[in-house]
Amino acid sequence: MRLRRKTRIVKLERIEVRKLQLPLKHPFETSFGTTTAKTFLLVSASSGGVIGYGECVAEEDPLYLPETNATVLHVLRDFLVPIAFSLEVSHPRDVSRAFAHIRGHNMAKAALEMAVWDLEARLQAIPLYRLIGGRGGEIASGVSIGLQKDEAALVARVEAEVAAGYRRIKIKIKPGRDLSLVEAVRKRFPKLPLMADANSAYTLEDTPLLQRLDAFDLMMVEQPLAWDDIVDHATLQRTLQTSICLDESIHSADDARRALELQACRIVNIKAGRVGGIAGSIAVHDICRARGVPVWCGGMLESGIGRLANVHLQTLPGFTLPGDTSASARYFEEDLIDPPVTVTSSGTIRVPESPGLGHDVIWSRVERATSFREEWRPTA
Ligand code: OSB
Ligand code: MG
């Protein structure tokens with residue numbers, strides 16, 4: 001009997017993908033564009049009458065990274081779903097191993113892989129963090145504030161988030177809207193844990209400007225240079241006091257290892273969708289932790305489903321900095337999960353103890369937000 005759990009094999013019986021749209025309460029502006037609604041794919045994987053969910057972080061347009069909802073659907077349908085049906089899954093890690101020979105398309109891989117992690121946790125009736133190897137309790141929460149119309153509007157937003165208890169504030173910057181924004185926030189909050197995210201909007205020619213950020217005691221500057229670069233970031237980091245954190249450039253544990261080898265950054269942002277899923281996230285986490293490099297969990301304006309996966313992920317010990325996971329109510333009038341993700345007055349999120357992601361998915365809300373649906377079953 002004791003061997004049973006170890007040798008239990010999960011065969012996937014059904015995989016479904018839906019395209020959903022949730023209006024955002026406030027438009028979210030970054031250096032690459034403005035989002036007014038979150039349009040994303042939701043993957044469900046079923047076995048034995050139990051369903052696991054994986055939210056895809058791809059967007060409609062290839063502006064953050066190259067994948068889009070359309071490329072994800074293609075790669076799922078034509079490559080990843082057939083591989084997943086051919087597997088006898090004894091652990092969710094098997095899924096990312098089986099996808100490894102497919103090059104790129106990490107967001108597509110992650111959506112299906114994360115559905116299998118949630119499914120496995122639900123089948124074992126344990127919270128996802130336990131399957132991942134994390135700890136229960138709470139995580140520290142930060143916010144990411146998009147570009148605002150002017151300095152006064154940004155300072156007002158920061159005041160509201162600080163009053164709500166958030167532990168760290170990230171602001172977006174882009175050329176022409178950088179030093180003045182950082183300066184305004186820093187002047188109002190001299191001691192606030194503050195950072196800036198450029199989403200790849202600068203080049204090495206902007207080095208003198210980026211060096212002026214050193215005056216504002218930022219925790220870090222996130223992804224100042226190109227989305228596919230590591231080498232120029234290393235050159236830039238040598239000239240800055242401010243630590244660089246890489247987001248867009250890191251797609252795997254090997255990327256993280258190379259970036260740290262080159263000293264291209266001192267901090268790494270982990271988004272499961274960007275690194276192929278939870279197994280990829282653990283691998284990046286482990287490389288960074290072994291080298292004493294802090295990591296934190298990024299966000300992609302996820303619905304509660306992806307948001308809860310982020311909550312569980314950042315219970316691993318190397319997540320020593322507050323991430324971008326904040327309350328559902330900052331984004332959506334009505335989230336897909338009940339209860340929504342909430343933040344305590346001390347700026348923390350409680351880690352769920354119920355099986356899997358740990359909050360109920362409200363299916364009527366999923367149905368209402370769905371514009372497209374496709375499902376697959378194994379061919380006998
Ligand atoms: O660079 O971290 C980013 C949102 C969309 C795409 C990229 C990024 C972001 C955010 C938002 O910063 C984080 C969040 O609140 O989910
Ligand atoms: Mg970023």
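The values are calculated or read from the model by the stated rules, or taken from the named source; none is laboratory data. Being a predicted model, the structure only gives us computed values, none of them experimental. A quick note on method: Cβ atoms are made from the backbone with ideal geometry, for glycine too, and the neighbour counts reach across all protein chains shown. With ligands, DNA and RNA removed, areas are computed over all heavy atoms of the protein, side chains included. Shrake-Rupley method; radii C 1.70, N 1.55, O 1.52, S 1.80 Å.
Per the Kirkwood treatment, what hydrodynamic radius in Å, one decimal, follows for segment 5-131 from the mean inverse distance over all distinct Cα pairs?
In segment 5-131 this quantity evaluates to 15.4 Å.
Which length gain, in nm to one decimal place, applies between Ala156 and Glu353 when the Cα-Cα distance is subtracted from 0.36 nm times their residue separation?
Length gained, Ala156 through Glu353: 67.4 nm.
Whole number in Å², please: accessible area per residue of segment 99-227, 1.4 Å probe, ligands, DNA and RNA not counted.
Result: 39 Å² of accessible area for each residue.
Which links in Lys25/Lys149; Lys109/Lys174; Lys149/Lys187; Lys187/Lys271 stretch past 26 Å when you go from one Cα to the other?
Lys109/Lys174; Lys187/Lys271
What is the antiparallel percent of DSSP beta bridges lying wholly in the chain, to the nearest 5? Could you put the intermediate results ahead of the total?
Working: 32 of 52 bridges.
Just about 60 percent of them are antiparallel.
Among the trypsin sites (Lys or Arg not before Pro) in segment 174-230, which ones are in a DSSP loop with at most 14 other Cβ atoms within 10 Å of the Cβ? Mind listing them?
Passing sites in segment 174-230 are Lys191.
Per the 1.4 Å probe, what fraction of the accessible area of the chain, in percent, lies on carbon and sulfur atoms?
Exposed carbon and sulfur together represent 51 percent of the surface.
Each label point is 7 Å from the Cα along the Cα-to-Cβ direction; what then is the distance between the points at Ser371 and Lys11, in nm?
Label at Ser371, label at Lys11, 3.7 nm between them.
How much length is gained on full extension from Lys191 to Ser346, taking 0.36 nm per residue of separation minus their Cα-Cα distance?
54.1 nm
Return the calculated 222 nm mean residue ellipticity for the chain, to the nearest 500 deg cm²/dmol, obtained by summing -39500 (n - 2.57) across DSSP H runs with n ≥ 4 and dividing by the residue count.
Details: 14 runs with 124 residues, N = 380.
Roughly -9000 deg cm²/dmol at 222 nm, from the helical runs in the chain.
Probe radius 1.4 Å, ligands and nucleic acids left out: which of Leu301, Leu42 has the largest accessible area, and how do the rest follow?
From most accessible down to least: Leu301, Leu42.
In whole Å, what are the extents of segment 223-380 along the principal axes defined by its C-alpha atoms, from largest to smallest?
Computed over segment 223-380, the largest-to-smallest principal extents equal 53, 50, 26 Å.
Give a quick list of GluC sites (Glu not before Pro) in segment 1-90 that DSSP marks as loop, anything other than H, G, I, E or B, with at most 11 other Cβ atoms within 10 Å. Walk me through the numbers before you get to the answer.
Values: sites: Glu13, Glu16, Glu29, Glu55, Glu59, Glu60, Glu67, Glu88; in loops: Glu13, Glu60, Glu67, Glu88.
In loop regions of segment 1-90 (DSSP not H, G, I, E or B), the sparsely surrounded GluC sites (Glu not before Pro) are Glu88.
If the chain between Ala329 and Val231 were fully stretched, how many nm would it gain, using 0.36 nm times the residue separation less the Cα-Cα distance?
Between Ala329 and Val231, full extension yields an extra 31.4 nm.
On C-alpha positions alone, give me the angle between the axis of helix 304-313 and the longest principal axis of the chain, in degrees, nearest 10.
The angle comes out at about 80 degrees.
How far is helix 278-290 tilted off the main Cα axis of the chain, in degrees rounded to 10, range 0 to 90?
Its long axis makes an angle of about 50 degrees.
Please work out the Kirkwood hydrodynamic radius for the chain, using every pair of different C-alpha atoms, and report it in angstroms with one decimal place.
The answer is 20.9 Å.
At 25 °C and 0.890 mPa s, what whole-number value in µm²/s does Stokes-Einstein give for the translational diffusion of segment 238-309, with Rh from the Kirkwood sum over Cα pairs?
197 µm²/s
Which residues among segment 332-358 fall inside the zone where the amide N is under 16 Å from a point 7 Å beyond the Cα of Ile126, along Cα→Cβ?
Zone members listed by number: 352-358.
Using a ≥ b ≥ c from the Cα gyration tensor of segment 88-176 (square roots of the eigenvalues), is it rounded, prolate or oblate, where a/c under 1.5 gives rounded and otherwise the larger of a/b and b/c decides, a/b for prolate?
oblate
Accessible area, 1.4 Å probe, largest first: how do Thr320, Thr379, Thr344, Thr71 sort?
Result, largest first: Thr379, Thr320, Thr71, Thr344.
With a Förster radius of 45 Å, plug the Cβ-Cβ distance of Leu179 and Ala70 into 1/(1 + (r/R0)^6) and report the FRET value to the nearest 0.05.
In this case the efficiency is close to 0.75.
Tell me the accessible surface of Phe79 in square angstrom (1.4 angstrom probe, heavy atoms of protein chains only), to the nearest ten.
Phe79 exposes around 90 Å² with every protein chain in place.
Can you tell me the 0 to 90 degree angle between the C-alpha axis of helix 179-188 and the longest principal axis of the chain, rounded to 10?
The two axes meet at around 90 degrees.
Can you give the Rg/Rh ratio of segment 54-212, where Rg is from the C-alpha atoms and Rh is the Kirkwood radius?
Working: Rg = 20.7 Å, Rh = 19.1 Å.
Across segment 54-212, the Cα-based Rg/Rh ratio is 1.09.
On the first, second and third principal axes, largest extent first, how far apart are the outermost C-alpha atoms of segment 310-380 in Å?
On the principal axes, segment 310-380 reaches 48, 33, 21 Å in Cα extent.
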